Structure formats: structure tokens, C-alpha cells
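The values are calculated or read from the model by the stated rules, or taken from the named source; none is laboratory data. On a predicted model such as this, the values are computed, not experimentally measured, just so you know. We place every Cβ from the backbone using ideal geometry, glycine too, and count neighbours over all the protein chains shown. Just the protein is used for accessible areas: all its heavy atoms, side chains included, with ligands, DNA and RNA removed. Shrake-Rupley method; radii C 1.70, N 1.55, O 1.52, S 1.80 Å.
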Amino acid sequence: MNAAGAIDCDVHPNVPNIQALVPYLDPYWQEMVDVRGMETFENRSFPLRAPINARPEWQDEKGRAAESVDRMRTELLDRWGASIAICNCLYGIQMINDENMAAAFARAVNDWLAAEWLAKEPRLRGSIVVPVQNPELAVDEIERLAGDKRFVQVLVLVMGELPLGKSFHWPIYRAAERHGLPICVHLGSAYRHPVTASGWPTYHVEDYVAQGQAFQAQIASLISHGVFQKFPKLKVVLAESGVTWLPTFLWRFTKGWRGLRIEVPWVDRSPIEILRESIRLTLQPFDAPADPAQVARVLDHLGSDDLLLYSSDYPHWQFEGDDLIPSGFPESLQRKIMIDNPLATYPRLGGST
Ligand code: ZN
């Protein structure tokens, strides 16, 4: 498949180890890495060696992947021909309990990304990692980097301490909207709560599958709290969420809203309408059956050609061979997913900010 000119909206450069971030920390935190014996903040949603975390041909002998620009260039950019790829670094900043430590390491991750990746490969763009634990510190980080147009969105995880619609998070949305930065809500947990609504799971497969519940809860939270009425230009991108659960969830949500709308009078349109205007989803992992006829039916149920954004989810193992877009997608939709929808979602890619 040729994706020349495509905009890949979810790729993952990996921090090789905590020492790689030390040059980007201020002197106090540089010292603390030694004094406290800090070893790593890798996110436990992506355990090393879990097969889904990297295609086998992209792993080194230690099971690590996507740790250098050279590898990403060869394995992804040159192979599929994307013109732009948006880097979502999933190092576990959101898991840190100390807000000040989280802010320091968020700054380090962002500066590391800018220096070690964005500066070395013009096709790459970045997401601003924020200490979502403290919205004031998160806004400071957005403001610090907003002038650098290579950063095109703000990154949070789908499972943090609080539902994302709550006004606690609104300062982050206000800053993001002001600077033309969508909020990317990526799969992953800060592990403040069990990842299922019925308690802690046992196996990684349960954890990974349960993330779909969290995406549903966050859509309900964002829409019910009126985030898109308060911040009408804000876009939210759900990344690595899968998509086939969306139509049935929206049917259920909209039915419930019809009966309960008296308690959320600011939700002035149906959840389906609000979602179609303000929320987007990345393509991979595309979780429909392989039958093209069934894929076409899922696309029909989504009810809009504007929702999906092309993504490889590199280096995660989400598809086989070169079939990044599954069969069953009509050609006109492929172009929209690869180019038009990302340009409409990310103001900074269209040069309009
Ligand atoms: Zn991803």
C-alpha cells in the first residue's frame, strides 16, 4: 500500500532509559535521579515484551523498539511514505505521584523529543506531554512550548485520576483551544484506579481490552460536562482506542441523553452530533472483522467520513504486512483518512495558526 502524502497521527518514539532524559532535566532533578536511585518511569500499560507492543521485526534483542530516529525512518516513514507523523511519547509521566516531579519529567520528555527526534527528521511532529496531575503546571508546559509549531497537540492518557470532562481539567482545554492544539486522549492508565469498572484484571489482554470501557466513559464525561460548548473550537483525538464499539455506544448514550437531558441542559445537541463535530479517532488498531463487507458495514454505522485519522501506531503490532488500511475502505475514504481529516483536525498542520 502506498501512503505517500499521508499524515500518520499516532506513532511512538520510546525513551531508551531514564539516563536519556537527564541532560534535559534541571540541575536539581538531575541530582535527584542519582540521589533517589530513580530507574524508570515506563508506563505499565505497555510492558516490555508484551507481544502487542512491537512487531517482532522492529524489536532489538532486548525486545525494545522505536528508540531512534533512524529506526523509525527506515521501518515506518520510508516504508509507507507518510509525509508527516505525530509522535506520542508514552513514557509514564502520568503515573508519577509528585506533581513537581511529573512537571520536571514532562519538560524533559518534551525537550528530548524536540532535540532527539523533531530536530533530526522534518517529517516528525510532536505532542506536548503534560503533568495532567496538576492543571496549572500542565498549562505552564503548554505555554512554554506553544510557540514551537512542531508541537501540534496535547497528550493525556485515557485513564487518569478524574474523568476528563470535570472542570478540574478545563484550564488545559482553554490553553489548548487558544493555541490550536487538539487534546489527544491515548490508550493507557496512570493506575490510580482499576482499569475495569469491576476491579483489577489479571492478564494484560484484559487490561488492553478494558481500555475501550475507559474511552466510552471519557466520551460520556466530556460531552455531559459541556466541554464542547465551553470550548467550541477544541478537538479531541482518541488514539489507539479502536473504533467498532463506537456506534453502539453512541446509540446507547444518545438514548440515555434523551431521557436524562433535564440534568445537563447545556448539552444542546445529541451526543452523536457533538461527537461528529469535535471528536476524532485514529485508525489503528482497527478492530473490525477481516471481511471487507463487514468493514463496510462498520464504516456505514459510524455515519460520517470525517471521524477517522490515518495512523500506524508504530511500533505497536496492530496489523500484518503492509495492510495499514484494511480492505473494505473505499478509495475516496482512504484519501480523506490519510490527508483531509488530519488537516481538518490539526490547525498547525495546515499552516493556519
Ligand atoms: Zn498508539
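Tabulated data
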quantity: Computed E for VAL35/VAL264 - FRET, C-beta separation, R0 45 angstrom, nearest 0.05; calculated: 0.35
quantity: Extended-chain gain in nm, criterion 0.36 nm per residue less alpha-carbon gap, GLN19 and GLU331; calculated: 107.8 nm
quantity: Dipole of the chain, positive end: most advanced residue of GLY328, ASN100, GLY259 [Cβ charges, Cα centre]; calculated: GLY259
quantity: Solvent-accessible surface ranking, highest first, for ILE223, ILE84 at 1.4 angstrom; calculated: ILE84, ILE223
quantity: The stretch 1-141 - Debye-derived log10 I(q)/I(0), Cα point model, q = 0.09 Å⁻¹; calculated: -0.29
quantity: Sequence-distant residues sharing a close amide H with LEU238 (under 5 Å, placed H); calculated: VAL185, ARG280, LEU281, THR282
quantity: Local net charge near SER167, Cβ-Cβ under 13 Å (Lys/Arg +1, Asp/Glu -1); calculated: +3
quantity: In nm, spacing of pseudo-spin labels at SER68 and ARG297 (7 Å Cα→C-beta vector); calculated: 4.8 nm
quantity: Cut-off under 5 Å, modelled amide H: who pairs with PHE151 long-range; calculated: GLY126
quantity: For the stretch 7-348: accessible area per residue (Å², 1.4 Å); calculated: 41 Å²
quantity: Of ILE96, ILE86, ILE219, the one that fluctuates the most in a GNM where the chain has Cα springs shorter than 10 Å; calculated: ILE96
quantity: The stretch 42-87: GluC sites (Glu not before Pro) in DSSP loop, at most 15 other beta carbons within 10 Å; calculated: GLU61
quantity: Count, lysine Cα pairs under 30 Å in the chain, 8 or more residues apart or across chains; calculated: 20
quantity: Sparse-neighbourhood loop sites, chymotrypsin sites (Phe, Trp or Tyr not before Pro) in the stretch 189-224 - DSSP loop, at most 16 other Cβ within 10 angstrom; calculated: TYR203
quantity: Distance in nm between pseudo-label sites at GLU320 and GLU161 (7 Å out along the Cβ direction from Cα); calculated: 4.5 nm
quantity: Net charge over other residues, Cβ less than 14 angstrom from the Cβ of SER278 (K, R count +1; D, E count -1); calculated: +1
quantity: Unit charges at the beta carbon, dipole of the chain: most positive-side option, PHE319, ASN14, ALA290; calculated: ALA290
quantity: Relative contact order [Cα under 8 Å, 6+ residues apart], the stretch 1-155, whole percent; calculated: 28 percent
quantity: Where labels lie 7 Å past Cα in the beta-carbon direction, separation of THR196 and LYS233 in nm; calculated: 4.3 nm
quantity: Cβ-based net charge around VAL154, under 15 Å, with every Lys or Arg adding one and every Asp or Glu removing one; calculated: +4
quantity: Percent of C-alpha pairs per 10 Å bin, the stretch 7-348, short to long; calculated: 5, 26, 37, 25, 7, 1
quantity: Taking the chain and dividing mean pair separation by its residue count, relative contact order in percent (alpha carbons under 8 Å, at least six apart); calculated: 20 percent
quantity: Selected from ALA104, ALA290, ALA214 as most flexible by GNM, with the chain as the system and alpha-carbon contacts under 10 Å; calculated: ALA290
quantity: Electrostatic dipole magnitude of the chain [Cβ: Lys, Arg +1; Asp, Glu -1; Cα centre; debye, to 20]; calculated: 1060 debye
quantity: Vicinal HN-Hα couplings computed from phi for the stretch 247-257 (Karplus, 6.51 cos²θ - 1.76 cosθ + 1.60; Hz; Gly/Pro x); calculated: x, 5, 4, 5, 4, 5, 4, 5, 4, x, 4
quantity: GNM result for the chain, Cα springs below 10 Å: residue of ALA66, ALA217, ALA296 fluctuating most strongly; calculated: ALA296
quantity: Cleavage-rule hits (GluC sites (Glu not before Pro)) in the stretch 152-243: DSSP loop, at most 15 neighbouring Cβ within 10 angstrom; calculated: GLU161
quantity: Apportionment of accessible area to carbon and sulfur, the chain, percent (1.4 Å); calculated: 52 percent
quantity: Rounded Å value of the spacing that divides the Cα centres of the stretch 256-304 and the stretch 29-43; calculated: 42 Å
